[in-house]
Amino acid sequence: MELIKQNTQNQLVKSLVVIVLGSIILTVSAKIKIPFYPVPMTMQTFVVLLLGVSFGYKIALASVGLYLLEGILGLPVFSNSPERGVGLTYFTGPTMGYLIGFLSACFLASLVKKDDNYLIIFLKLVLSVSTIYIFGVLWLGTIIGWDKPILELGVIPFLIAEIFKICLLTVITKKLISLRKFI
């Protein structure tokens, strides 16, 4: 009985460490950016999908949730923070939809299976990242107005980079899924 309790505690500690590290990696990926208006291009979408694929939905959702909470509480974890503000004010700005989409994307990416063929993996990752853009465009249109060219501002400039990120992740996914057994 004591051994089971200790194993459970060890598993909990290990999971918490991975969640915090996932949040840190997501923060670092937010700071690696190419400036675009109104939303910068970062490595965040890659890391969000990577978290889902590598660690499954529980760890991925907890990591992304912690990251979002840190940002809402005022830590400068978001892409353009602290330059363009921090906390809830920044969170509810033009990028909020994309940030919320991180949750659905990491969950959907966690559904990729090791025995999926590469085409299926690619399509699942495209679907996953698409939810980021769906939520992003819906919020962006609400914030800056639907009379603006929303797709030209919030989607099209990022498509080539997203395809590259998804192709890279598709190639390494089967290896990443193997990491789940260590968590």
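Readers should treat all values here as calculations from the given coordinates under stated rules, not as data from a laboratory. Being a predicted model, the structure only gives us computed values, none of them experimental. A quick note on method: Cβ atoms are made from the backbone with ideal geometry, for glycine too, and the neighbour counts reach across all protein chains shown.
Hey, in the GNM for the chain with a 10 angstrom Cα cutoff, which one of Pro76, Pro35, Pro94 fluctuates hardest?
Between Pro76, Pro35, Pro94, it is Pro35 that shows the largest mean-square fluctuation.
Tell me, in nm to one decimal, what length is gained between Lys148 and Leu21 on full extension, where the rule is 0.36 nm per residue of separation less the Cα-Cα distance?
Values: separation 127, 0.36 × 127 = 45.72 nm, distance 3.79 nm.
Difference between extended and current length: 41.9 nm.
What ratio of Cα Rg to 2.2 N^0.38 Å holds for the stretch 2-182?
Output field value: 1.06.
Percent of Cα-Cα pairs more than 21 Å apart in the stretch 1-66, please.
Details: 785 of 2145 pairs.
Roughly 37 percent, once rounded to a whole number.
For Glu2, Glu83, Glu70, what's the fewest-to-most ordering of other Cβ within 10 Å of each Cβ?
Values: Glu2 6, Glu83 10, Glu70 17.
Least crowded to most crowded, the residues run Glu2, Glu83, Glu70.
Let's see if you can work this out: charge +1 on each Lys and Arg Cβ, -1 on each Asp and Glu Cβ, no other charges. What is the dipole magnitude of the chain about its Cα centre, in debye to the nearest 20? Walk me through the numbers on the way to the answer.
On the way: 15 positive and 8 negative charges, 120 e Å.
It comes to approximately 580 debye.
Report ³J(HN,Hα) in whole Hz for each residue of the stretch 70-75, in order, from the Karplus equation J = 6.51 cos²θ - 1.76 cosθ + 1.60 where θ = phi - 60°; Gly and Pro get x.
These are the phi-based 3J(HN,Hα) values: 4, x, 4, 6, x, 5 Hz.
Please go through the stretch 109-183 and write out the chymotrypsin sites (Phe, Trp or Tyr not before Pro) that DSSP classes as loop and that have at most 13 other C-beta atoms within 10 Å.
Details: sites: Tyr118, Phe122, Tyr133, Phe135, Trp139, Trp146, Phe158, Phe164, Phe182; in loops: Trp146.
Sparse-neighbourhood loop chymotrypsin sites (Phe, Trp or Tyr not before Pro): Trp146.
Among all stretches of the chain without exposed trypsin sites (Lys or Arg not before Pro) (DSSP loop, at most 14 other Cβ atoms within 10 Å), which one is longest?
Details: sites that count: Arg84, Lys113, Lys114.
Within the chain, the longest run free of exposed trypsin sites (Lys or Arg not before Pro) spans 1-83.
Based on the Cβ-Cβ distance of Ile163 and Lys113, what FRET efficiency does E = 1/(1 + (r/R0)^6) give at R0 = 22 Å, to the nearest 0.05? Each step should come with its number before you reach the end.
Working: r = 22 Å, r/R0 = 1.00.
Step by step, r from the Cβ atoms, then E = 0.50.
I want to make sure I understand the PRE zone here: with the label point 7 angstrom from the Cα of Lys33 toward its beta carbon, which residues in the stretch 46-85 have backbone N atoms less than 13 Å away?
Flagged as within label range: 76-85.
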